[in-house]
Every structure is written in structure tokens, then in C-alpha cells.
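Novice: One structure follows; several queries about it will come next.
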Amino acid sequence: MKKLSKEIVAKKLYPERVLQFGEGNFMRAFVDWQIDLMNEAGVFNGSVVAVQPIEHGMVDTLNQQDGLYTVILEGVKDGSIVREKRVIQSISRGINPYQDLEGYLALAELEDLQFIFSNTTEAGIVFNEDDQLDDALQKTFPAKLTAFLYRRFLHFDGDINKGLTIIPCELIDRNADYLKKYVLQYASLWNLSEAFTKWLDNANTFCCSLVDRIVPGFPKDSSNSIEKELGYRDELMVVGEHYHQWIIEGSDILRDTFPADKIGLNTVFATDLDPYRTRKVKILNGAHTAMTPVAYLSGVDTVQNAVEDKLIGKYIEALLYQEILPTIDFPESELHTFTENVLDRFRNPFIEHYLISISLNSVAKFKARDLPTLLEYVTLKNEIPKKLAFAFAALVYFYRGKRGAESIDLKDDPEIVAYFTTQWNSYDGSSEKMVDIVRNILAKKDWWRIDLNDCVGLCDVIATNLYTMDRHGVRKALLELMEAEAHA
């Protein structure tokens, strides 16, 4: 069987308009997939040069396949289970700057270059004062980018029309703001001219963005059968879910130059990214974190099984619609559409998302994703949100470290785990002691930022739930909660 190449799939050539730091699974199944669709629709007409951001990567394999690879999208789409395949042709070539430094820097001189996208992981956007302009190749991504932009500035003699639109996809809040900050710091550290700094500000646009698509990557367990189906070998095939969303903080000019939304892609150009981030964190991430201890301690192992479980699924939907959504300032119809999409994603039978994996650092996750919602609900309704409080209780019970007779391998800060262990070791089976334990946990300002005992009634609700969980199990406690809610 032949390897995928332009001998198998005829490849159309486009001007190289995009420089992309990162050739990994996510960028190829998200950014390059969108550009491929825009090219097919005739609204973009540009290709991507993929730059390998670390010394060891996939550029060699990418070039061996002439930049071609297959994206396989699997999951629930419009209420039905759908599987789609597409050969992506948007990457013109890949460059490894560790082997071809001049070839990489020469990209700065491309007349048609307009965009830079990146995904160098959350640890990629950092500042290291040891990076210098005269290094063969700088270590950090912001330093590499600064040197690249300086080369472009010099080549085009500071032409205001030769600036670039830079859109990082790293999963950190205000990613472009941090990236620009560090680029300017390097310009200062390296004593680059004031004219260059002004060109950075006036000719280039740094746009914060928020990306969302689950991309499991190369299907190693089923690659042989997929290749038989495709009729060619593909070492770069990548599996992802159907759902995708890209929120880009940018102007109408960007919408014209990168018109993904005009062909029906779920790319949104917004004047403010923060409401979209809040929506995602509260609904998708918040539901993940809240459901994890509840479902896992009820004997369920995956997100899909949790949502499809009659009792837990009903709890998750009630949690979302009755307690999380009312705290989000966003158009109601859009919130409901987003929530239905999230539930469809949770049901995806092709993705095994294990709850125990989500449980990593659950205390910090609950603080960031669910605690703000709980406190905002109290302010809004003047009452404790019962389902969020139940999730909080389940979180405390999870850190007891047992699921029945089975030990849970708790993954969190050792001090946090040790504190929970101390508290649970003091438990004597009485409701009074359970209240003491909860009060002590809620008082941990270094965990929650505030003393949660100041939230009137929260301690009692959590302690009552915990006492029921300990006596009857989490599933029975959940059943009692849902029946009480139904008759309220």
C-alpha cells in the first residue's frame, strides 16, 4: 500500500499566506482543516508553512507526504452519529528551523505572508532573558517570533503594509496579550530600534483567541483498518470530534481577510473574548468538574456513560440549566445551543474521556470552574444551589480516596491530599464531626481565596449531603436529591 502523497491526491497550490508554529495534531485538525475548507470554497486562497517549534517533531513525515494528511471527524452531529473523512491540502511544506535556520528566517521575506498562528502548548508563551537575538535559534517561542518579525521589518524597510496578523491558539487566558508583551520585552532586551517597536505596534495585530475541539490524535488502535478503508498509508491521520469553535478577538477587517464564518464554520469574531471564555469555562469545564466525583463515586468511569446514565444524566442537565446557565450573562438562545452542543459532545461514542483523568487537580479546577458559579448563584437567588453543593460534597468525599473497597489514586498537590487524609482520619461516623470536617475544609483560604464558611448555609448543605453519601452511597444520595428537587 502506497503512502499518501500528491501522486495519490492531486494537490492544488496556493500562495503561502500563513506561517504556523506547530505541526501537531490539534493545529492540523483545527486551523489547517478550516483553511482547507476556505480554500475549497474559494474565499481564502492561501497555504500554510508549518514550522516545527521543537527540535523533534513531524515535519519530515509531513514533507514525505507532500503536506497531505487525513482528518477523520467522529461524533454526534445534528443529533446523529456521523463519521467523515477529508484529505487536507492546505499545508504547502514544513520547515524544521533546527536543521534549516535560513530557510525558516527566509519566510519572513515572503510577500504574501499575512498570518501567524501558533500552538506551542501553554508553556510556550514565556519570557527567558537568556534568549538573545544573535543566538542560532532562540529557545522560547516569543523570542523566535521577535527575531522573525525583526527580519521582516529589516527586509521590507519598516513598510507599514507588511505587518502580520498574529493569532496564538495556546490555551492560556489573553494569550495574544502575553505574547505581544514578551515580544516587546525581547525588543527592549535586545536594544532593537524604536522604529521597530513602533512597527510592531502599528503594523502588526495580535489577536487573542479561544479554541475548542477535542482532538484525540492518531488512531493507533485502528490505523490499519482505517488505512485499508482509505486505500493508502497515512502516518499523519488525525481523529477529532465534529464540534469546533474558534473565538477570535478582532475587527471586521480580520473577518474579511480570514472569512471562516462566511462558509459556515463556527469561527466567531468578537470585540471581547471574555464572555465566551466565561461561557465555556462555566458550562463545558464546569460540568466536567462537577460531574466527575458524582459519577465516578456512583460507579461510572467515562463522560459518555455519565451523561447516558438515567439518573446522572438527569442531574447533569438539571445542574446546567437550573444552576449554571442563570449565572451567565449571554443571550439565552445561544446559551441553550451551546449547552446542547456540549451535551452532544459528552455523548460522543468515539471518545473515551475517563473521569479519573478529569479528576487531576480537582480542588483548583473546582475553584476556577464551579465555585464562582456557586457564589454568583447565591447572590442572584439568595439560596444555596443544591446540585452544585452536591458536587462540592462529592468532591470532598472523592478525596477520602475510596470508591467502595477500591482505592483512588488521588492526583493533586501533596499538601491538599494530606489535609483531606487528616480530616477523614478524624471522622468518627457522627453528623457533628462531619460538620466539623466540612467547616475546616471551607475555611482553607489558600484553596478557595476566601473563607467559604461566610457563605451562610453552605457548610450545613454540604455536610448533610456528605453524611448521606457516607451512610447510603453517592448514587442513593443523588437519587434522594433529585426526588426532593422534583417534588419541591
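Novice: Starting from residues that are part of a strand (DSSP E or B), over 17 Å from VAL87 (Cα atoms) and aliphatic (A, V, I, L, M), keep the ones in the stretch 209-240 and report whichever is farthest from the chain's Cα centre (by Cα).
Specialist: Looking at residues that are part of a strand (DSSP E or B), over 17 Å from VAL87 (Cα atoms) and aliphatic (A, V, I, L, M), I get LEU210.
Novice: Still on this structure: Can you give me the number of residues within the stretch 81-100 that are polar (S, T, N, Q) and assigned to a strand (DSSP E or B)?
Specialist: 1
Novice: Can you spot a residue in the stretch 242-260 that is in contact with a helix residue (DSSP H, G or I) (Cβ under 9 Å, 6 or more places away or on another chain), under 30 Å from PHE390 (Cα atoms) and outside the structural domain of ALA306 (by TED's automatic domain parsing)?
Specialist: Yes, the stretch 242-260 has at least one match.
Novice: Same structure, new question: Could you tell me how many of the residues in the stretch 70-80 are in a loop (DSSP other than H, G, I, E, B) and closer than 17 Å to ILE8 by Cβ?
Specialist: Total meeting the criteria: 0.
Novice: Out of LEU395, LEU380, LEU355, which single residue is closer than 27 Å to GLY240 by Cα and touching a residue at least 24 places away in the same chain (Cβ under 8 Å)?
Specialist: Being closer than 27 Å to GLY240 by Cα and touching a residue at least 24 places away in the same chain (Cβ under 8 Å) holds for just one of LEU395, LEU380, LEU355, which is LEU355.
Novice: Where residues in the stretch 346-379 are surrounded by fewer than 15 Cβ atoms within 10 Å (Cβ to Cβ) and hydroxyl-bearing (Ser, Thr, Tyr), which of them is farthest from the chain's Cα centre (by Cα)?
Specialist: Step by step, filter the stretch 346-379, then rank; the result is THR379.
Novice: Further question on the same structure: Please state which one of ARG277, ARG213, ARG255 is surrounded by fewer than 17 Cβ atoms within 10 Å (Cβ to Cβ) and under 27 Å from ALA364 (Cα atoms).
Specialist: Unique residue meeting the criteria: ARG277.
Novice: When the residues of the stretch 258-271 are filtered to those that are assigned to a strand (DSSP E or B) and without any contact (Cβ under 8 Å) to a residue 60 or more places away in the chain, which remaining residue is surrounded by the most Cβ atoms within 10 Å (Cβ to Cβ)?
Specialist: PHE269
Novice: Please work out which residue is nearest to TYR104 (Cα to Cα), limiting yourself to the stretch 21-69 and to residues that are among the aliphatic types (A, V, I, L, M) and in a loop (DSSP other than H, G, I, E, B).
Specialist: First, pick out the residues of the stretch 21-69 that are among the aliphatic types (A, V, I, L, M): 27, 29, 31, 35, 37-38, 41, 43, 48-51, 54, 58-59, 62, 68.
Retained after the next criterion (residues that are in a loop (DSSP other than H, G, I, E, B)): 43, 54, 58, 68.
Values: VAL43: 27, ILE54: 13, MET58: 16, LEU68: 20 Å.
Per the criteria, the residue is ILE54.
Novice: Which of the following residues is farther than 26 Å from PHE218 by Cβ, at pLDDT 95 or above and surrounded by 20 or more Cβ atoms within 10 Å (Cβ to Cβ): TYR150, TYR104, TYR69? If you could, list the steps in order and put the result at the bottom.
Specialist: On the way: TYR104 fails: farther than 26 Å from PHE218 by Cβ; TYR69 fails: farther than 26 Å from PHE218 by Cβ.
Result: TYR150 is the single residue among TYR150, TYR104, TYR69 that is farther than 26 Å from PHE218 by Cβ, at pLDDT 95 or above and surrounded by 20 or more Cβ atoms within 10 Å (Cβ to Cβ).
Novice: Something else: Return the total of residues in the stretch 428-479 being assigned to a loop (DSSP other than H, G, I, E, B) and under 15 Å from PHE398 (Cα atoms).
Specialist: Total satisfying the criteria: 1.
The values are calculated or read from the model by the stated rules, or taken from the named source; none is laboratory data. From a predicted model like this one, the values you see are computed outputs, not experimental measurements. Here Cβ is always computed from backbone atoms with ideal geometry, including for glycine, and neighbour counts include all displayed protein chains.
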